[in-house]
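The block underneath contains the structure these notes are about, expressed in structure tokens.
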Amino acid sequence: MDNSFYIANRRSLYARLEKGALAIVHSGAAPRKTNDEYYPFFTDRNFIYLTGIEQDNAVLLGIGGDGGGLGETLFIPPPDLMLERWNGRRVKADEASGISGIQDIKHTPDFDRQLDRFLASGAHDIVYLPLFKYTSDEPDGPAYRLARYIRDRFPHVVIKDLLPHIKALRLIKKPCEIEAMRKAEAVTGEGILAMMKAARPGIMEYELKAELEYAFMKHGVLPASPPIISAGENNFCIHYNAFRGCADDGDLVLNDVGAKWDSVMTDVSRAWPVNGRFSERQRILYQCAYDTSEHLFSIIKPGMPMRDVDGIIRKYNFERMRDAGVCKSWDEIGTYMWHGGAHHVGFDVHDVVAVAPDTPLAPGMVFCVDIGIYHMEWGIGFRLEDNCLITESGCENLSKDIPRSIEEIESVFN
Ligand SMILES: [Mn+2]
């Protein structure tokens, strides 16, 4: 993505904050896995949204107000020939400046000194940090550690959460994000088609995973999040990740996968019979989900409250299942529908955005329309999940080209 995207994101962010308030965002570091081995580094999504830089142990220091980025500094790890020989090249100052559009590049070890100077000066008495934990008992990340440091050394400084401000920005996707998402959708489609084309009764889930990853890697693209590829009864584990099962004749294969392009993710679920033909019961249930999805894409438009997406999915799908004779009463629907159907997608696969149940849909939002049906008695479970872009007049299904109707799916096997 062009650095004008990151520059605009930072300007919008700084403009939301009090004049002189500091905004600090860390890129993060990979946690240790075992002995001297680390998990792969995954750049903090807010850091990359604001800078475009994939480098561990980097820090963005911005200053609030309408200054348009005056006073912002990016701290990157200094060149280190020995460490780079082992662990790979570090981003250099001129590259970092080119990618992010930040003029002032310094080295990470200078960050503490500069922060101390700023806070001691009395000119900056508010510090914004993105204070996010998924569970309250998880170890402190760099923002929490820094918050504690500031509280101990500079008790007059007020610490505020930067996250609501970044979440407000991330809610509405810019045209370049949507372009990146379209590319990611195309790669996602290639991955799913590769699996369908390789399929035959008896194929292992890990073989299908290899097909998906090979299709992605031909584009140098990584999965947005760990792919979910399961078959038969394994489809009843919503976040299944074992890949050891076998897709037997008569099984539905479930893919809940997405490619990442330029930091933008997709999240698409498809289900298809490993033998290429839907059974009668698979056909009944799949058609309910498909009709529900088609209905949603025909009515979603700006102004509709976010909660209605989930609500209508559940109600409409219930009516389809009732008409098909599968589900007798509304009270039973929870037996077959195990999860909600609408989460935003963007720089995160479950995107971190400012959205509440009554938030009206607005152009530029992208969220999943996900219909899951789990019929344990019949041994059939699956999801049909697409990525919905809100447009000026309605919505667009960004993943519509990936086979989704029964006819489209069966024709891949013919
Ligand atoms: Mn998904």
- line: Over all directions, segment 3-170 yields a Cα convex hull whose mean projected area in nm² is 10.2
field: Candidates TYR128, TYR286, TYR206, ranked by Gaussian network fluctuation over the chain, Cα under 10 Å, top entry
entry: TYR206
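Could you compute the net charge surrounding ASN414? Neighbours are other residues with a C-beta less than 12 Å from the C-beta of ASN414; K and R count +1, D and E count -1.
Result for the neighbourhood of ASN414: -1.
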task: May I ask for the Rg/Rh ratio of segment 288-410, computed from Cα atoms with Rh as the Kirkwood radius, given to two decimals?
output: 0.97
- prompt: In sequence order, what are the phi-derived ³J(HN,Hα) couplings for segment 213-218 according to the Karplus relation 6.51 cos²θ - 1.76 cosθ + 1.60 with θ = phi - 60°, rounded to whole Hz, with x for glycine and proline?
  reply: 5, 5, 4, 5, 5, 4
statement: Phi-derived 3J(HN,Hα) across segment 86-99 with the Karplus relation (6.51, -1.76, 1.60, θ = phi - 60°), rounded Hz, x for Gly and Pro, is 7, 10, x, 6, 8, 5, 9, 4, 5, 5, 4, 5, x, 5
query: R0 = 35 Å: FRET efficiency of ALA324 with ASN35, Cβ-based, nearest 0.05?
result: 0.05
- request: Note the per residue figure in Å³ for the convex hull of the C-alpha positions in segment 162-235.
  value: 124
field: Helix-derived mean residue ellipticity, 222 nm - over the chain, DSSP H n ≥ 4, -39500 (n - 2.57), to 500
entry: -11500 deg cm²/dmol
field: Segments 53-64, 296-307 sorted - mean Cβ within 10 Å per residue, highest first
entry: 53-64, 296-307
- line: In whole angstrom, largest first, the equivalent ellipsoid semi-axes that the Cα gyration tensor gives for the chain are 43, 24, 19
task: Past 28 Å, Cα to Cα, is the threshold; run LYS167/LYS260; LYS167/LYS197; LYS19/LYS174 against it and keep the listed order.
output: LYS167/LYS197
query: When only alpha-carbon atoms count, how far does segment 253-318 stretch along each of its three principal axes, as whole angstroms with the largest first?
result: 42, 36, 15
message: Amide H of GLY258 versus every other amide H placed in the peptide plane: which residues, excluding those fewer than 5 positions away on the same chain, fall under 5 Å?
response: ALA224, SER225, VAL268
- line: Scalar couplings 3J(HN,Hα) for segment 40-45 by Karplus 6.51 cos²θ - 1.76 cosθ + 1.60 (θ = phi - 60°), nearest whole Hz, x for Gly and Pro, are x, 6, 10, 4, 3, 5
query: Per the Kirkwood definition applied to all pairs of different Cα atoms, how many angstroms is the hydrodynamic radius of segment 172-413?
result: 17.8
query: Using mean Cβ contacts within 10 Å as the protection proxy, how do 166-172, 136-142, 240-246 order, highest first?
result: 166-172, 240-246, 136-142
- prompt: With Cβ to Cβ distances under 11 Å as the rule, what net charge do the other residues near GLY276 carry (K, R +1; D, E -1)?
  reply: +1
- request: Give me the aspartates and glutamates in straight-line cross-link reach of LYS315: C-alpha distance below 13 Å, same-chain residues under 8 apart excluded.
  value: ASP291, ASP323, ASP331, GLU332
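Where a number appears in this text, it was derived from the coordinates with a stated rule and is not lab data. This one's a predicted model, so the numbers in the text were calculated from it and none came from an experiment. We place every Cβ from the backbone using ideal geometry, glycine too, and count neighbours over all the protein chains shown.
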